[in-house]
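Participant: The structure follows.
Every number here is computed from the coordinates shown, using simple stated rules; none is lab data. What you see is a predicted model; the values in this text were computed from it and never measured. So basically every Cβ, Gly included, is an ideal-geometry build from the backbone, and we count neighbours across all protein chains shown.
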Amino acid sequence: MPNTKQLEDFVSQVRRDIVRQVHGVNSGHPGGSLGCAEFFVALYQEVMKRKDGFDMDGKDEDLFFLSNGHISPVFYSVLARSGYFPVAELNTYRKIDSRVQGHPTTHEGLPGIRIASGSLGQGMSVALGAAQTKKLNGDPNLVYSLHGDGELQEGQNWEAIMYASANNIDNLISTVDLNGQQIDGTTDHVLNMGSIRAKFEAFGWEVLDVEKGNDMNAVLAGLKEAKSLTGKGKPVCILLHTIMGNGVDFMMGTHAWHGKAPNDEQLESALTQNPETLGDY
Ligand SMILES: Cc1ncc(C[n+]2csc(CCOP(=O)(O)OP(=O)(O)O)c2C)c(N)n1
Ligand SMILES: [Mg+2]
């Protein structure tokens, strides 16, 4: 099992992959991707029970669904570096005929991708369907999902959130990337949602906050605690407090880098801040 330093080194490489993918085609979403790097590395390298190889049935293993599909650069990097597909394929990000599309899709058959996402608001519905299926099949494994905070403004989420608790889907751990930012500004400014914790609780969920969503040990502890809360009749929500653009100083804490590529000079600076640890693709 990797130690914290190894996981942090992994994160450094993932950050390099994120900015290099986006810079390579001058498009894509670095901000949310960087903010969720620790979460993805913790999940795939430590927390999730995964089978060797990949199949769409997803039986007898934990599953993950990415709902905020625009943060695909972090997802692709962690999938590739966790053995799902060749790391060199990151070089085809957002290119014509690539399996590594700007927003994940299933028909390219990229191992690790279970749903198309990018049209926001749909992932929770799929995740809870998979979780309910596991319960019906007597499969004791868990389902994880990730959602943006701005994404919660999509109404379909709340149908899913309501359904999950009404049906005691207690093998589902849904994480919200609480970075306080979305495409056009802060979430408070664009559409103030009040207390997201109070809303999930009112809908019957168990909620826990991870205040340091970019601290590897805090993220691991939060995921561990969330796991301990499963199987008790309620779905579990992690409010993961992250910093958008984390790890690249000029991208941090602003929506400006939600969907914008760094130029050559900015890339150089970003790479200097994040040493190569596992080998660039
Ligand atoms: C249904 C739908 N509406 C609008 C968009 C455009 N869009 C893409 S990302 C985004 C912002 C989402 O905010 P958040 O989930 O907080 O992501 P972050 O900016 O933090 O990465 C929007 C509005 C979309 N992809 N899908
Ligand atoms: Mg956000």
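Participant: Quick check: anything in the range 213-223 within 16 Å of ligand 1 (Cβ to nearest atom) and in contact with a Leu (Cβ under 6 Å, 6 or more places away or on another chain)?
Facilitator: Yes.
Participant: Now for a separate question. Give me the pairs: first residue in the range 14-29 and within 13 Å of ASN246 (Cα to Cα) and in contact (Cβ under 8 Å) with a residue 12 or more places away in the chain, second residue among the aromatic types (Phe, Trp, Tyr) and surrounded by 20 or more Cβ atoms within 10 Å (Cβ to Cβ), beta-carbon distance under 8 Å, and six or more apart or on different chains, which are they?
Facilitator: Short answer, once both residue conditions are applied: VAL14/PHE40.
Participant: Moving to a separate point now. Any idea which residue in the range 82-125 is surrounded by the most Cβ atoms within 10 Å (Cβ to Cβ), counting only those that are more than 15 Å from the chain's Cα centre (by Cα) and not in a loop (DSSP other than H, G, I, E, B)?
Facilitator: Here the answer is LEU90.
Participant: Further question: Any residue in the range 6-25 that is outside any helix (DSSP H, G or I) and more than 16 Å from ligand 2 (Cβ to nearest atom)?
Facilitator: For the range 6-25, residues outside any helix (DSSP H, G or I) and more than 16 Å from ligand 2 (Cβ to nearest atom): absent.
Participant: Can you confirm whether LYS212 is in contact with a His (Cβ under 9 Å, 6 or more places away or on another chain), among the basic types (Lys, Arg) and buried (at least 16 other Cβ atoms within 10 Å of the Cβ)?
Facilitator: Here the answer is yes, as LYS212 does meet what is asked.
Participant: Criterion first (touching a residue at least 24 places away in the same chain (Cβ under 8 Å), within 16 Å of ligand 2 (Cβ to nearest atom) and part of a loop (DSSP other than H, G, I, E, B)) does GLY58 satisfy it?
Facilitator: It is false that GLY58 is touching a residue at least 24 places away in the same chain (Cβ under 8 Å), within 16 Å of ligand 2 (Cβ to nearest atom) and part of a loop (DSSP other than H, G, I, E, B).
Participant: Follow-up question, since we're still on this one. Is it the case that GLU38 is crowded, with 24+ Cβ neighbours inside 10 Å, acidic (Asp, Glu) and under 15 Å from the mean Cα position of the chain (by Cα)?
Facilitator: Taking the combined requirement at face value, the residue satisfies it.
Participant: Considering the range 126-161 alone, what residues qualify as being away from ligand 2 (no atom under 16 Å from the Cβ), outside any loop (DSSP other than H, G, I, E, B) and acidic (Asp, Glu)?
Facilitator: GLU159
Participant: Of the numbered conditions (1) surrounded by fewer than 22 Cβ atoms within 10 Å (Cβ to Cβ); (2) within 16 Å of ligand 1 (Cβ to nearest atom), SER174 fails exactly one; give the number of that condition.
Facilitator: So the condition that SER174 fails would be (1).
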